[in-house]
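Taking it in order: structure first as structure tokens, then the write-up.
The values are calculated or read from the model by the stated rules, or taken from the named source; none is laboratory data. In this text the structure is predicted, and so the values were computed from the model without any measurement. Using ideal geometry, Cβ is built from the backbone for each residue, glycine included, and neighbour counts are taken over all protein chains shown.
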Amino acid sequence: MNTIQNLLIKKAFELGLSAYPLEITDIFVENRIRLKCIYGCRDYGQSLSCPPHVMDVDIFRKILNEYRQALLLIENYDLSNEQNILKAWSYLRKESFHKMLELEYLAFREGFTYAQLLRPGACNECDTCAEKCRKPEFLRFSPEAVGINLAKTMASVGEEIIFCDSSSVKIIGILLIE
Ligand code: SF4
């Protein structure tokens, strides 16, 4: 691990996040992830942070190849006592996003000007999106929106997504560093 990764991991820990160093080759981009966006996700076309409002998978692949290192960011929650899990998840996701964004800002201040956060899930800074983004400074897209297979990427650091288990909810982002 190098100095910037160490600094970001320490800060992530202070914020209550787990952070794992990723080589760019640990990030798996697949066209079939976009299939799941288009068919079956209620945010498709609704959120400005989701397809078809974000770049094509092929363009993202080219961009990703210009990076060398990244961090996988995870915040873990036990929501088994929540009555409304979707509502709780939406609220917590917003909090996690802002913590993760702090890490992007920190990397930028440290001279990593191309640091870019891929946020957890669709943007939910506003109740609904307007035709034009109301808060473009917060607009980031998710790993899935550009074709990242999160399950495979997580497996590369020994983490896993457990679907349909409210006692083990993971809020996940990726910070591209340089
Ligand atoms: S900041 Fe608001 S308008 Fe912009 S993408 Fe997010 S929810 Fe939509």
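Observations on the model:
- Taking first residues from the stretch 144-171 that are over 23 Å from Leu101 (Cα atoms) and partners that are assigned to a loop (DSSP other than H, G, I, E, B) and hydroxyl-bearing (Ser, Thr, Tyr), the Cβ contacts under 7 Å between residues at least 6 apart in sequence or on separate chains come to Ile162/Ser168; Ser166/Ser80; Ser167/Ser80.
- Taken as a whole, the structure places Leu71 among residues that are at pLDDT 95 or above, of a type outside the set (Ser, Thr, Tyr) and either within 16 Å of the ligand (Cβ to nearest atom) or buried (at least 22 other Cβ atoms within 10 Å of the Cβ) (or both).
- Of everything listed in (1) within 22 Å of Ser168 (Cα to Cα); (2) among the aliphatic types (A, V, I, L, M); (3) buried (at least 18 other Cβ atoms within 10 Å of the Cβ), the single unmet condition for Leu22 is (1).
- The combined condition, being surrounded by fewer than 18 Cβ atoms within 10 Å (Cβ to Cβ) and within 21 Å of Phe138 (Cα to Cα), is not fulfilled by Gly40.
- For the stretch 30-123, the helices (runs of 4 or more DSSP H) that sit wholly inside it and include 2 or more residues that are of a type in the set (Ser, Thr, Tyr) and over 20 Å from Val146 (Cα atoms) are 85-109.
- One residue stands out in the stretch 1-19 among those that are surrounded by 13 or more Cβ atoms within 10 Å (Cβ to Cβ) and among the β-branched types (Val, Ile, Thr): the one that is nearest to Phe112 (Cα to Cα), namely Ile4.
- Residue pairs whose Cβ atoms lie under 6 Å apart, sitting 6 or more positions apart in sequence or on different chains, and linking a residue in the stretch 40-64 that is under 17 Å from Lys135 (Cβ atoms) and at pLDDT 95 or above to a partner that is surrounded by 19 or more Cβ atoms within 10 Å (Cβ to Cβ) and aliphatic (A, V, I, L, M), are Ser47/Ala122; Ser49/Ala122; Cys50/Ala122; Cys50/Ala145; Val54/Ala145.
- Looking across the stretch 105-121, the residues that are surrounded by 21 or more Cβ atoms within 10 Å (Cβ to Cβ) and closer than 14 Å to Leu71 by Cα come down to Ala107, Ala115, Leu117, Leu118, Arg119, Pro120.
- The residue pairs whose first member lies in the stretch 78-105 and is closer than 23 Å to Leu118 by Cβ, whose second member is at pLDDT below 90 and among the acidic types (Asp, Glu), and whose beta carbons are closer than 9 Å, counting only pairs six or more residues apart or on different chains, are Ala88/Glu82; Trp89/Glu82.
- Selection of the stretch 92-131 for residues being hydroxyl-bearing (Ser, Thr, Tyr) and within 16 Å of the ligand (Cβ to nearest atom) yields Ser96, Thr128.
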